[in-house]
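The values are calculated or read from the model by the stated rules, or taken from the named source; none is laboratory data. The structure displayed is predicted, hence computed values, not measured ones. What goes into the accessible areas is simple: the full protein's heavy atoms, side chains included, and nothing from ligands, DNA or RNA. Shrake-Rupley method; radii C 1.70, N 1.55, O 1.52, S 1.80 Å.
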Amino acid sequence: LIPLISVLFLTLLFLFLALFPGAFNCCTKISDEIPKGILRRVERFEIQKAHGLCHLEAVILHMKGKKFCVNPWNRKIKKLMKKMKHKIHRSKSHVRKQRRTRITKQKEQK
């Protein structure tokens, strides 16, 4: 009887994981304090809404192979997100300008 219950439990667990792959990627707790060392190493961030499988509103900070869940209302986090959005936007437009300039110079040389 015990092996049958174990097999049934594992089957249900695998079924759950297959149907809801993001269920264990949610932040379950958030931190209000963020060490400066973490803020310096953030590569990107993700916003977790409090609906669906994730029942907690959070900002997920991604660093090399690690995640850190923080309070989205923290002033440092708001400032970081604004800075990163501006930095990403600015770098994209800068790349486009360089590319156009290079293409124009190539046409002039021909």
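In this view, the solvent-accessible surface of residue 11, computed with a 1.4 Å probe and all protein chains in place, comes to about 80 Å². Can you pick out the pairs among 36/66; 29/66; 29/82; 29/85; 36/83; 29/49 whose Cα atoms lie more than 18 Å from each other? Where the Cα-Cα span goes over 18 Å, the pairs concerned are 29/82; 29/85. Rolling a 1.4 Å probe across all protein chains gives residue 51 an accessible area of roughly 130 Å². A straight chain from residue 57 to residue 33 at 0.36 nm per residue would run longer than the Cα-Cα distance by 7.1 nm.
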